[in-house]
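Asker: This structure is in structure tokens; I'll ask about it shortly.
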Amino acid sequence: MWIDASIVIIFLAASLFIGIKSSKHIVDFDRFSVGHRAFSSAAIFATLSASFIGGGYTLGNAAKVYQAGMLYAFALLGFSLKEILVALIIAPRMDAYRDCLSIGDIIAKRYGNGAKVVTGLFSVLVCTGILGAQVGAMTAIFGTFFTINPLWATLVSFAIIIIYSSLGGMRAVVYTDILQFCVLVIGIPLTLIMGLIHFGGWQPIAQRVPHEYLYFWKGHDHLSLFIGLFITFIFGEALVPPYVQRLFMAKTARATRNGVLASGILSIPFFLIAGAIGLIAFALNPHINSNSALPYVVKMILPIGVKGFVIAGLVAIIMSSAAGFLNAASVAFVNDIVKPLSRSAWRPNTLLRLAKGSTLFVGIGALVFALSINNVLDILLYAYNFWAPIIIVPLVAVIFNFSVKAQDFFIGACCGIGAMLIWSLMLHSPFEINGLVIGVVGNLIGFMLSKPFQKQKNARGAC
């Protein structure tokens, strides 16, 4: 076991070294937020992939498949579809926003500083929630593999993330993401291959799991749940802060498009591989804690040395995603909340120090969030409720250059959050459709209805 532990320690040390080394040229808040805006499509591909392939979409995915079958892995392909659509439709339009540091900057161009502050608040909330999912996943990894207290090991790992994220900002995040991407993109498929070798192929695994675990269309209930989840994953992380930050960072819009498209395509086999590992875990032992499904396979099947490399891959998955959301939350806090609410101008160095300091408070919030909810994928679903029903519709309207005003943003946001709360809390999500989907629809309706209301108000004013 000391060999495997040594490999993980070396990986953590390498991540910290790269992160600190990348921080030398971070002299102002702009560089902290989006780097030098000259990353290649390959770098965008690696950093974006490493960011979204987090604990929820690997360990959480395997856990849900262990509980209920491949339905959840297939539903995650809604995320893949969303990434491909972003590449083809949204990314080519981002040249117009190369002066922006955050989603709040895009929103402020059409809706004003009030809407920017609201966007900043919900940016911090959703980033904290998704970061919490990574905390839960990291705890599950260390609890499975090592005899030390998993919470302490998780705190040490997140301390490393906080150090290099706060010192090097987005530049450090991207360079460590590239290292972590190389490790995880080998480690997770390797786990599936070793599992197949252990059982002698796919057929023995399929015979050991419930028949309905292999499909998502078995029965009306399964199909309706799949459709609801599929739509949820289309909207859930759509245009969340760290992903939009990546759209500001490439040399050209074409480089952005290519990087995002490649990332979306990669996610399809990756999600299915992680889900299949959940089935392997069930075939090995149908009585373990589902949150430990993927780590259990690694622990029981992989030989020493290979196991350490794959554990490092699992840690890489979590660290890369956590660093991206941590950086995005600190940028949103400073750029979208502090600056608009302040009456005086801030010095660049002061903003930089404030952004670095805010990473600590976001990390603490993520820990609280993670300790309050059990399943990693459930944490993601809760976090999504703080984003899609409020931000997606007005953000897309600006990107597509629609004629909008501040009133549209606030009416749409109120309708979105109201529809989500009524559907989720009062109606208890009928038809297996998540409240955030209804929230997005409610926002769109409110957003559209605000137009005639606005015209009537203007007409009365003219009289």
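The values are calculated or read from the model by the stated rules, or taken from the named source; none is laboratory data. Everything numeric here is computed off the predicted structure, so don't read it as measured data. A quick note on method: Cβ atoms are made from the backbone with ideal geometry, for glycine too, and the neighbour counts reach across all protein chains shown.
Asker: How do the pairs read when you match residues in region 335-362 that are modelled with pLDDT under 85 with residues anywhere that are of a type in the set (S, T, N, Q) and assigned to a helix (DSSP H, G or I), using Cβ under 7 Å and keeping only pairs 6 or more apart or on different chains?
Answerer: As it stands, the answer is Thr359/Ser165; Thr359/Ser166; Thr359/Ser330; Val362/Thr128; Val362/Ser330, since those pairs meet every condition given.
Asker: For region 24-51, enumerate the residues that are touching a Lys or Arg at 6+ places or on another chain (Cβ under 9 Å), part of a helix (DSSP H, G or I) and at pLDDT 90 or above.
Answerer: Of everything in region 24-51, those that are touching a Lys or Arg at 6+ places or on another chain (Cβ under 9 Å), part of a helix (DSSP H, G or I) and at pLDDT 90 or above turn out to be Ser41, Ile44, Thr47, Leu48.
Asker: Is it the case that region 201-213 has a residue that's outside any helix (DSSP H, G or I), at pLDDT below 90 and touching a Leu at 6+ places or on another chain (Cβ under 7 Å)?
Answerer: Checking region 201-213: not a single residue is outside any helix (DSSP H, G or I), at pLDDT below 90 and touching a Leu at 6+ places or on another chain (Cβ under 7 Å).
Each row is one residue, and each column tells you yes or no for (1) of a type outside the set (Lys, Arg); (2) out of contact with any Lys or Arg (no Cβ under 9 Å at 6 or more places or on another chain); (3) buried (at least 24 other Cβ atoms within 10 Å of the Cβ).
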| residue | (1), (2), (3) |
| --- | --- |
| Ala253 | yes, no, no |
| Thr256 | yes, no, yes |
| Leu272 | yes, yes, no |
| Asn289 | yes, yes, no |
| Val297 | yes, yes, yes |
| Met319 | yes, yes, yes |
| Ala323 | yes, yes, yes |
| Leu326 | yes, yes, yes |
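Asker: Any residue in region 96-119 that is closer than 13 Å to Asn335 by Cα sitting within a Cβ distance under 8 Å of a residue that is crowded, with 24+ Cβ neighbours inside 10 Å and acidic (Asp, Glu)? List the pairs, counting only those 6 or more apart or interchain.
Answerer: If the second residue must be crowded, with 24+ Cβ neighbours inside 10 Å and acidic (Asp, Glu), the pairs left are Ser102/Asp336; Ile103/Asp336; Gly104/Asp336; Asp105/Asp336; Lys116/Asp336; Val117/Asp336; Thr119/Asp336.
Asker: Out of the helices (runs of 4 or more DSSP H) lying entirely within region 287-372, which hold 3 or more residues that are within 20 Å of the chain's Cα centre (by Cα) and closer than 25 Å to Ala62 by Cβ?
Answerer: Of the helices (runs of 4 or more DSSP H) lying wholly inside region 287-372, those with at least 3 residues that are within 20 Å of the chain's Cα centre (by Cα) and closer than 25 Å to Ala62 by Cβ span 306-332, 348-372.
Asker: Only one residue in Val156, Val209 is on the phi < 0 side of the Ramachandran plot and surrounded by fewer than 19 Cβ atoms within 10 Å (Cβ to Cβ), so which one is that?
Answerer: Unique residue meeting the criteria: Val156.
Asker: Related question: Is there any pair with a first residue in region 307-331 that is under 18 Å from Ile141 (Cβ atoms) and a second that is not acidic (Asp, Glu) and not in a helix (DSSP H, G or I) whose Cβ atoms are under 6 Å apart and which are 6 or more apart or on different chains, and what are they?
Answerer: Qualifying pairs under 6 Å: Val310/Leu302; Ile317/Ile53; Ile318/Gly55; Ser321/Gly54.
Asker: Something else: Just the residues that are farther than 18 Å from Ala46 by Cβ and in contact with an Asp or Glu (Cβ under 8 Å, 6 or more places away or on another chain), please, taken from region 259-305.
Answerer: Hits for region 259-305 are Ile304, Gly305.
Asker: Looking only at region 9-23, decide whether some residue is assigned to a loop (DSSP other than H, G, I, E, B), out of contact with any Ser or Thr (no Cβ under 9 Å at 6 or more places or on another chain) and in contact (Cβ under 8 Å) with a residue 60 or more places away in the chain.
Answerer: no
Asker: Test each condition in (1) more than 20 Å from the chain's Cα centre (by Cα); (2) over 19 Å from Leu314 (Cα atoms); (3) not basic (Lys, Arg) for Phe142 and report the one that comes out false.
Answerer: (2)
Asker: Turning to a different aspect of this structure: Looking only at region 242-257, count how many residues are in a strand (DSSP E or B) and modelled with pLDDT of 90 or more.
Answerer: Here the count works out to 0.
Asker: Look at Ile301 and say whether it is surrounded by fewer than 24 Cβ atoms within 10 Å (Cβ to Cβ), closer than 26 Å to Ile10 by Cβ and at pLDDT 90 or above.
Answerer: Spelling it out, Ile301 is indeed surrounded by fewer than 24 Cβ atoms within 10 Å (Cβ to Cβ), closer than 26 Å to Ile10 by Cβ and at pLDDT 90 or above.
Asker: If you don't mind, there's one more thing I want to ask. Being surrounded by fewer than 21 Cβ atoms within 10 Å (Cβ to Cβ) and small (Gly, Ala, Ser) narrows it down to one residue among Ser342, Ser330; which is it?
Answerer: Ser342
Asker: May I pose another question? Kindly indicate which of Leu223, Leu239, Leu229 is free of Cβ contacts under 8 Å to residues at least 40 places away in the same chain and either part of a helix (DSSP H, G or I) or among the hydrophobic types (A, V, I, L, M, F, W, C) (or both).
Answerer: Details: Leu239 fails: free of Cβ contacts under 8 Å to residues at least 40 places away in the same chain; Leu229 fails: free of Cβ contacts under 8 Å to residues at least 40 places away in the same chain.
Among Leu223, Leu239, Leu229, only Leu223 is free of Cβ contacts under 8 Å to residues at least 40 places away in the same chain and either part of a helix (DSSP H, G or I) or among the hydrophobic types (A, V, I, L, M, F, W, C) (or both).
Asker: Give the residue, chosen from Asp28, Asp4, that is crowded, with 18+ Cβ neighbours inside 10 Å and touching a residue at least 60 places away in the same chain (Cβ under 8 Å). Walk me through how you get there before you give the answer.
Answerer: On the way: Asp28 fails: crowded, with 18+ Cβ neighbours inside 10 Å.
Going through Asp28, Asp4 in turn, just one is crowded, with 18+ Cβ neighbours inside 10 Å and touching a residue at least 60 places away in the same chain (Cβ under 8 Å): Asp4.
Asker: Do the conditions hold for Val393, that is, is it farther than 25 Å from Ala328 by Cα, out of contact with any Asp or Glu (no Cβ under 7 Å at 6 or more places or on another chain) and at pLDDT 95 or above?
Answerer: Here the answer is no, as Val393 does not meet what is asked.
Asker: Regarding region 136-156, can at least one residue be identified that is within 23 Å of Arg171 (Cβ to Cβ) and touching a residue at least 60 places away in the same chain (Cβ under 8 Å)?
Answerer: Checked region 136-156: no residue is within 23 Å of Arg171 (Cβ to Cβ) and touching a residue at least 60 places away in the same chain (Cβ under 8 Å).
Condition check ((1) polar (S, T, N, Q); (2) more than 16 Å from the chain's Cα centre (by Cα)) across all residues:
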{"site": "Ser22", "(1), (2)": "yes, yes"}
{"site": "Phe32", "(1), (2)": "no, yes"}
{"site": "Ile44", "(1), (2)": "no, no"}
{"site": "Ser49", "(1), (2)": "yes, no"}
{"site": "Ile53", "(1), (2)": "no, no"}
{"site": "Ala62", "(1), (2)": "no, yes"}
{"site": "Val65", "(1), (2)": "no, yes"}
{"site": "Ile89", "(1), (2)": "no, yes"}
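Asker: What pairs come up if the first residue lies in region 277-293 and is free of Cβ contacts under 8 Å to residues at least 24 places away in the same chain and within 15 Å of Pro189 (Cα to Cα), the second is charged (D, E, K, R) and surrounded by fewer than 24 Cβ atoms within 10 Å (Cβ to Cβ), and their beta carbons are under 7 Å apart, counting only those six or more places apart or on different chains?
Answerer: Within 7 Å, no pair qualifies.
Asker: Does any residue of region 246-258 turn out to be closer than 14 Å to Ala91 by Cα, of a type outside the set (D, E, K, R) and in contact with an Asp or Glu (Cβ under 6 Å, 6 or more places away or on another chain)? Give the steps one after another, and end with the answer.
Answerer: So the first thing to find is which residues in region 246-258 are closer than 14 Å to Ala91 by Cα, and the list is 246-258.
Cutting the leftovers down to of a type outside the set (D, E, K, R) gives us 247-250, 252-253, 255-256, 258.
Those still in the list that are in contact with an Asp or Glu (Cβ under 6 Å, 6 or more places away or on another chain) too: 253.
So far as region 246-258 goes, yes, one or more of its residues are closer than 14 Å to Ala91 by Cα, of a type outside the set (D, E, K, R) and in contact with an Asp or Glu (Cβ under 6 Å, 6 or more places away or on another chain).
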